[in-house]
Amino acid sequence: MKYYITTPIYYVNAKPHIAHAYTTLIADVLARYLRLKGKKVFFLTGTDEHGAKVAQKAQEFGKNPQEFCDQVAGQFEKAWLNLDITFDSFIRTTSELHKKGVVKMIKQLKENGDIYKADYEGFYCTGCEKFLTQKELIDGKCADHQVEPELIREKNYFFKLSKYTGVIKEKVKKDELLVRPQKRKNEIISLLDTNLEDFSISRESVEWGIDVPFDKTQKIYVWVEALMNYISALDYGKQGRQAGKFKKFWPADLHLIGKDITKFHIIYWPAILLSLKLPLPKQVFAHGYFTINGEKMSKTIGNVIDPNDLVEKWGKDATRYLILNQFPVGEDGDISLEKLEAQYKANLANDLGNLLQRVLVMMNKFEVKDKAFKIDPYKHQDLDFQKEFDFDLDGFLNFMDNLKIFKAIKKIDKYISQSNKYIEANKPWELAKTDKIQCQKVLITLYRRLILVARLIKPFMPDISKEMLNQLESGEPKPLFKK
Ligand code: ME8
C-alpha cells in the first residue's frame, strides 16, 4: 500500500529554523513508522522560491534571485540531512520539473474555463505573500508582520472559486477530505459558509516568478504555483510513462501543514484540483504553532533557534526526540532551550542512557550474560513487537497511526521510568548475593524491556535504536548520549 506524505515547502527568504524542523520531523517520524509497517511511502518536502518576498531578500544581500535561492535551498537540504530526514524528493519551485508541471496545470485551468482576467485593487502584504481584506487589518497593519500592506491596483487572472466551494464543503463535512484536528475542520466549514471571493492566480507587478504561459505580462501568483508542487514533484508535467510517480502516488494521503496555511490547503488547493478533475488529498492535518519562551519567534527579538545548533549540542537523534516531546501535534505550545536541556539530561542521558549501562554492567558482573544474550535482539525486529512487560502496544500503535506523536513518546518515557523504578524496587545487586535465580530473572526482564524500547524509539531516534540493539547483542556498555 502506498502512502504519500508532504510538508509545506518553505520560503527561502531566511535559513531554516526550529519550527520548520518541527513540521518536517513530524512528517519524517510518520514516514519512518509507516515504512516499518510495510507501506510504500513517498515523502516530499522542498522550498518555495518565487515571489516578491524572496526577490527583496536577494536584493538586500546583493545577489541575483536564483543565486540566493540556490544558497538558501542548500541550507534547507543540509539541515534536513543533518536531522536525518528521509525525504524521497526535495522539490524546488525554481526547478524545470516544477515549472513544467505548473505550466501544464495553468493551461488546463484556462481550457476548463475557470480563469478570467480582471482589474484588482487590494492590500498586499509581501511578508504573507497574500492580499488582506480590510477586516484582517489591525490599525491598518498586517497582524502578523506589523506593517502596512501595499495598496495594489493591477490586472490579474482570477480563479472561479465560487464554482467549487459547495463541493469542497460537502467533502470536508463527510471527511472525504479529512481535516484534522476537529477545530480546524470547524473553522474551515465556517469559512466556507462566508462569501469567499475568487482568488487571484497571477500578479502583474512581480518579476521573480513563472510566466503565465498565455500572457507574458503576468507571473503566476506564488501561492498558486507553490500548492502545485505537490503534484509537479510527481512528474505531472511529463508525458505518459514518465509521469508514473503521479499515477502511483496521487492523491496525497496526508498534507501536513501548520495552522497558518489552512485556507490555502483546504480551500484553494482542492478547488484547483477539482477544476483539473483530479482527486483531492485524503487528509490535511494542521499542527499548532509554538512560541519560544512565550514569545513569537522573530529575528528582531533574536530568539530564532537554528536546528543545526541543537544537533551539534545533543546529536541528531536526541534533537529529533526532544523537539517532538514538547506538546501535542494539534495544539499550540511553547519551547524553551532550558526545558529541552533539562529533558535531555533527565529523560535521555539519565533515564534511558543510565538504564542501559546499569543493566549491561550488572549482567556482565553477575554472569547473567550467557542466558540473556540467547535472546537475539535483532530477531523479530521492527514492528513485530511483543505484547509483554506491561507495555500497552496497541495504545502506542494507535497513537502513532493518528499522529499523536507526543502521546506516543510519553508512553515510551513512562515505560523507561517504570523500568528504572523496577530496578530500584528489586535491587538486583543485592539479589546477586542472596538469590541468584531471582537476580537473573530481574535482569533478563530489564534486558527484554530494553529491546522493546530500542524498537519503539526507532522512528524517532534511528541511530540510538541501532546502537542500543548493538550493545544489547554484544553486551558491551558504551555511553548512549553525550554528557
Ligand atoms: O508558508 N510553529 O512557508 P513558510 C510551528 N511557503 N510551525 C511553524 C511556525 C511556528 N511558530 N512557524 C513556521 C509558507 N512554522 C509557504 C508554504 S506550501 C505549498 C507553501 C512551519 O516558510 C509551519 O509548518 O512561511 C508552517 O505552515 C510553515 O512553517 C510555514 O513556512
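Numbers for the structure displayed
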read-out: Student exercise, region 231-352 dipole from Lys, Arg, Asp, Glu Cβ charges, in Debye to nearest 20; value: 980 debye
read-out: Residue-by-residue Karplus 3J(HN,Hα) for region 284-290, coefficients 6.51, -1.76, 1.60, Hz, glycine and proline x; value: 10, 10, 9, 7, x, 9, 10
read-out: Region 1-155: radius of gyration over Cα atoms, expressed as a fraction of 2.2 N^0.38 Å; value: 1.24
read-out: FRET efficiency, ILE189 to LYS313 (Cβ-Cβ, R0 41 Å, nearest 0.05); value: 0.40
read-out: Loop trypsin sites (Lys or Arg not before Pro), region 44-138 (other Cβ atoms within 10 Å of the site Cβ: 15 or fewer; DSSP); value: LYS63
read-out: Residues with amide H under 5 Å from that of GLN283, placed H, sequence gap 5 or more; value: LEU178, LEU254, HIS255
read-out: Whole-percent pair-distance distribution, where bins are 20 Å wide, for the alpha carbons of the chain; value: 21, 50, 22, 6, 0
read-out: Rounded to 5, the percent of DSSP beta bridges in region 194-314 classed as antiparallel; value: 55 percent
read-out: Overall form of region 99-191 per C-alpha gyration tensor (a/c, 1.5; a/b vs b/c); value: oblate
read-out: Label-to-label distance, nm, for residues given as GLU121 and GLU341 (7 Å Cα→Cβ offset); value: 5.6 nm
read-out: Extended-chain gain in nm, criterion 0.36 nm per residue less alpha-carbon gap, LEU137 and GLN59; value: 25.3 nm
read-out: Net length gained if the chain between ASP332 and ASP435 were fully extended (0.36 nm per residue, minus Cα distance); value: 31.9 nm
read-out: From the C-alpha gyration tensor of region 192-272, square roots of 5λ in Å; value: 23, 21, 11
read-out: For the chain: accessible area per residue (Å², 1.4 Å); value: 44 Å²
read-out: ³J(HN,Hα), Karplus 6.51/-1.76/1.60, whole Hz, each residue of region 469-483, x for Gly, Pro; value: 5, 4, 5, 5, 7, 7, x, 9, x, 9, x, 7, 10, 5, 7
read-out: Inter-part distance where region 34-102 and region 399-449 are each reduced to a Cα centre, Å; value: 43 Å
read-out: Residues LYS37 and SER89, FRET efficiency given R0 of 25 Å [Cβ-Cβ distance, rounded to 0.05]; value: 0.75
read-out: The chain - charge dipole about Cα centre, Lys and Arg +1 at Cβ, Asp and Glu -1, debye rounded to 20; value: 1660 debye
read-out: DSSP-assigned coil residues among chymotrypsin sites (Phe, Trp or Tyr not before Pro) in region 32-114, each with at most 16 further Cβ atoms within 10 Å; value: PHE61
read-out: Residues whose placed amide H lies under 5 Å from that of THR47, excluding near-sequence neighbours; value: TYR10, ILE91, ARG92, THR93
read-out: Karplus-derived 3J(HN,Hα), 6.51/-1.76/1.60, for each residue of region 37-44, Hz, glycine and proline x; value: 7, x, 7, 8, 8, 10, 10, 10
read-out: Spherically averaged projected area in nm², based on the convex hull that wraps the Cα atoms of region 125-260; value: 10.3 nm²
read-out: Relative contact order of the chain, defined on C-alpha pairs under 8 angstrom at six or more residues apart (%); value: 16 percent
read-out: Cβ crowding within 10 Å averaged over residues, with 289-302, 406-419, 326-339 ranked highest first; value: 406-419, 326-339, 289-302
read-out: Cα-only Debye scattering, region 130-176: base-10 log of I(q)/I(0) at q = 0.15, 0.22, 0.28 Å⁻¹; value: -0.67, -0.82, -0.95
read-out: Largest-first ordering by accessible area, 1.4 Å probe, given options TYR3, TYR321; value: TYR3, TYR321
read-out: Three-way shape label, region 184-337, alpha-carbon gyration tensor, a/c 1.5; value: prolate
read-out: Sequence-distant residues sharing a close amide H with GLN218 (under 5 Å, placed H); value: VAL212
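The values are calculated or read from the model by the stated rules, or taken from the named source; none is laboratory data. Remember, predicted model here, so these are calculated numbers, not experimental data. Methodologically, a virtual Cβ is constructed for each residue, glycine included, from the backbone with ideal geometry; neighbour enumeration extends over all protein chains shown. In case anyone asks, the SASA skips ligands and DNA or RNA and just uses the protein heavy atoms, side chains included. Shrake-Rupley method; radii C 1.70, N 1.55, O 1.52, S 1.80 Å.
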